[in-house]
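Contents: one structure, followed by commentary.
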Amino acid sequence: MEQRFMLGYGEKQIPTIIRAKEIQLLEAVTPPPLANLPEAFRAAVEEDAIGSPPLRELLTPTDLVTVVISDLSRAWMHQDRICPLLLDYLHATIGIPDENIVFLVALGTHPPQTEPELMRLTGGDVYARVRVMNHDASAPLADLGVTSFGTRVSVNPLVTARKVILMGGTVHHLLAGYGGGRKSILPGVAGEMTIRQNHMHALHATQPRSSDAVGCGKLIGNPVHEDMQEAAAMVSPVFGINLVVDGRGDHLALPSGHYTLAWAESCRLVDQYNGVPIPARFDAVVASCGGFPKDMNLYQGAKTMINAYQAVKPGGRVVLLAECPQGGGPAEFFDWSRHLPDGRLDAALRADFSIAGYVFYVCCEIARNTDFHMLSKLTPQVLAPMGIHHVENEAALAALMDFGQQSVAVMPFGGSTVPIPPLENRG
C-alpha cells in the first residue's frame with residue numbers, strides 16, 4: 001500500500017510518500033480546543049478548582065505572589081495566552097498590585113532567556129506590568145532541607161516566604177513520568193546540585209543503562225518523580241495551573257487547583273489524549289517532532305525519539321524528521337560524544353551527571369537498539385558516533401520510504417504521541 005503524509009520539519013511541511021505492506025497512523029485523538037479560553041480559565045481557578053478552594057479565597061491583596069512558568073523550550077504549550085489571564089485575575093479580581101507579583105521562569109539548568117524571549121513567554125502586557133525573571137541555578141539559593149532520597153533541596157528565594165502558583169504544561173516525560181506540576185520546583189527553580197542528585201536516580205543501580213523504574217508515564221516507584229514530589233512539598237505551592245494541549249499547541253483543558261491533585265488530573269487527561277494503544281510493535285517507524293519548536297534542537301527532539309522507540313520492534317528502523325537548527329540544545333550536549341570511542345559514557349555520566357548528558361545517553365541507547373536514520377541540519381560527523389545515520393536531504397528521505405512487506409507506524413506529532421504497546425507496565 002501507499003500513503004502520502006505531510007510531516008513537520010522546522011517551519012515547513014515535507015510531503016512524504018510511504019510504501020509498505022501495512023501503514024498505521026499514530027496520532028492522538030483529542031477533543032476540540034477550548035472555545036472560550038478566558039471563560040475556561042475563570043472556571044478552572046474558581047468553581048472547577050480541583051481539591052482546592054477557588055484561587056481568590058487563597059490570596060489576599062497584600063500577598064507577595066510568585067508565578068512559576070516554563071522557559072522557551074516549552075513554548076509549544078502557549079502559556080503566553082494564559083499568563084495575561086492570570087495576571088488580570090490576580091490584579092482585578094483579588095486586588096493584588098502588580099508590584100507584588102513576579103513571574104519566575106523555571107529554567108532548571110537551561111540558559112537564561114533574553115528580554116525578547118521573556119516577553120514572548122508571558123505576553124507583552126505581562127512583561128510590561130510585572131517583573132519577569134530568569135531562575136539562576138548557580139546563584140545563592142534557599143536551603144529547605146533533605147528529602148528521604150538524600151537530595152538536599154535548594155531553591156530560588158522567590159518561592160520561599162511568598163505565595164507560589166505553579167503554571168506548566170503536562171506531557172509525558174522520559175525521567176519523571178510526566179512533566180509539569182512538581183517539576184516546576186525541581187528541577188525548575190532548584191539549584192544545580194539538587195537537580196543533579198535528583199536526576200541521578202534515572203540510571204540503573206548496577207548495570208550500565210537507564211533505570212527500568214523511570215520512563216514516560218511511570219510514577220509508582222519512580223524515584224525521580226517521588227523525590228520531586230518531596231521537594232515541591234517543602235515549598236508548598238498554594239495553587240497549580242496545568243496546561244493540556246494538542247499536537248498543535250491549542251489548549252484542551254486547564255486542570256487547576258491543589259498543585260498535586262490538579263496535576264494528577266492533567267496526567268490522566270494526557271494519557272487519554274496523547275496515549276495511543278498499539279496492537280504490537282512495528283517493523284519500522286517514521287516520525288516527525290511536529291516542527292518548530294519541538295525540533296529546535298536534539299535535546300527537545302529526544303522526546304520524539306523516545307516515543308518512536310516505544311512503537312518499533314528491537315532492531316527495527318526509525319526515520320526521524322528533526323531540523324535541530326540550534327544543534328544539540330545545551331552547550332554540553334554533544335560534548336558527551338567524547339566518551340563514546342572508549343565506551344566510557346555510562347561511567348562518565350555517573351561521575352558527573354547532568355540532564356543534558358542523560359538525554360544524550362538515552363539517544364545513544366535508542367540508536368544502539370534500532371536502525372536509526374535522521375533528516376536534520378545536524379552533520380553526519382555529529383550523529384555517526386551516536387549510531388544515528390544522517391539523512392542528507394528530502395531526496396534521501398524519499399529513498400528510505402519504501403518498506404516493502406514491513407509494517408510501518410507514522411507519527412506526524414511524535415513529541416506528543418505516546419504509543420502504548422500491549423502489556424506495557426507504565427507504573
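Below, the figures for the structure above:
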quantity: Subset of the range 112-163 (residues that are part of a strand (DSSP E or B) and either closer than 29 Å to L55 by Cα or not assigned by TED's automatic domain parsing to the domain that holds I101 (or both)); calculated: R131, V132, M133, N134, A142, D143, L144, G145, V153, S154, V155, K163
quantity: Matching entry among I96, I101, I14 (being more than 23 Å from the chain's Cα centre (by Cα), closer than 30 Å to V286 by Cα, at pLDDT 95 or above and surrounded by 15 or more Cβ atoms within 10 Å (Cβ to Cβ)); calculated: I14
quantity: Odd one out for S52 among (1) of a type in the set (S, T, N, Q); (2) farther than 30 Å from P293 by Cα; (3) in the same structural domain as D402 (by TED's automatic domain parsing); calculated: (3)
quantity: Among the residues listed as G108, G215, G177, G188, the single one being modelled with pLDDT of 95 or more, under 17 Å from the mean Cα position of the chain (by Cα) and closer than 18 Å to K303 by Cβ; calculated: G188
quantity: Candidate set from the range 6-27 (those that are of a type outside the set (A, V, I, L, M) and assigned to a loop (DSSP other than H, G, I, E, B)); member that is farthest from P277 (Cα to Cα); calculated: E11
quantity: Which numbered condition G328 fails, given (1) within 24 Å of H199 (Cα to Cα); (2) surrounded by fewer than 22 Cβ atoms within 10 Å (Cβ to Cβ); calculated: (2)
quantity: Number of positions in the range 302-340 that are in contact with a strand residue (DSSP E or B) (Cβ under 9 Å, 6 or more places away or on another chain) and either among the β-branched types (V, I, T) or modelled with pLDDT of 95 or more (or both); calculated: 18
quantity: In the range 355-391, the residues that are acidic (D, E) and under 22 Å from the mean Cα position of the chain (by Cα); calculated: E365
quantity: Spans of helices (runs of 4 or more DSSP H) in the range 284-369 with at least 2 residues of a type in the set (S, T, N, Q) and touching a Lys or Arg at 6+ places or on another chain (Cβ under 9 Å); calculated: 298-309
quantity: Some residue of the range 151-167 being under 19 Å from A75 (Cβ atoms) and either modelled with pLDDT of 95 or more or buried (at least 18 other Cβ atoms within 10 Å of the Cβ) (or both); calculated: yes
quantity: Candidate set: the range 65-75, residues that are farther than 14 Å from G240 by Cβ and touching a strand residue (DSSP E or B) at 6+ places or on another chain (Cβ under 7 Å); chosen: the one modelled with the highest pLDDT; calculated: D71
quantity: Qualifying residues in the range 27-39 (those that are farther than 26 Å from L298 by Cβ and touching a strand residue (DSSP E or B) at 6+ places or on another chain (Cβ under 7 Å)) - the one surrounded by the fewest Cβ atoms within 10 Å (Cβ to Cβ); calculated: P31
quantity: Considering residues of the range 347-370 that are over 21 Å from A308 (Cβ atoms) and surrounded by 18 or more Cβ atoms within 10 Å (Cβ to Cβ) only, the residue modelled with the highest pLDDT; calculated: L349
quantity: Pairs, first farther than 14 Å from V286 by Cα in the range 375-403, second surrounded by fewer than 17 Cβ atoms within 10 Å (Cβ to Cβ) and of a type in the set (A, V, I, L, M, F, W, C), C-beta under 6 Å, six or more apart; calculated: P385/L340
quantity: Within the range 255-278, considering residues that are of a type in the set (A, V, I, L, M) and part of a helix (DSSP H, G or I), the one farthest from V171 (Cα to Cα); calculated: L261
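This table checks each residue for (1) crowded, with 18+ Cβ neighbours inside 10 Å; (2) in contact (Cβ under 8 Å) with a residue 60 or more places away in the chain; (3) among the basic types (K, R); (4) within 21 Å of P237 (Cβ to Cβ).
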residue	(1), (2), (3), (4)
Q3	no, yes, no, no
E22	no, yes, no, no
L25	no, yes, no, no
F41	yes, yes, no, yes
V45	yes, yes, no, yes
E57	no, no, no, yes
I69	yes, yes, no, yes
A75	yes, yes, no, no
C83	yes, yes, no, yes
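The values are calculated or read from the model by the stated rules, or taken from the named source; none is laboratory data. Not measured: the values here are computed from a predicted model. Methodologically, a virtual Cβ is constructed for each residue, glycine included, from the backbone with ideal geometry; neighbour enumeration extends over all protein chains shown.
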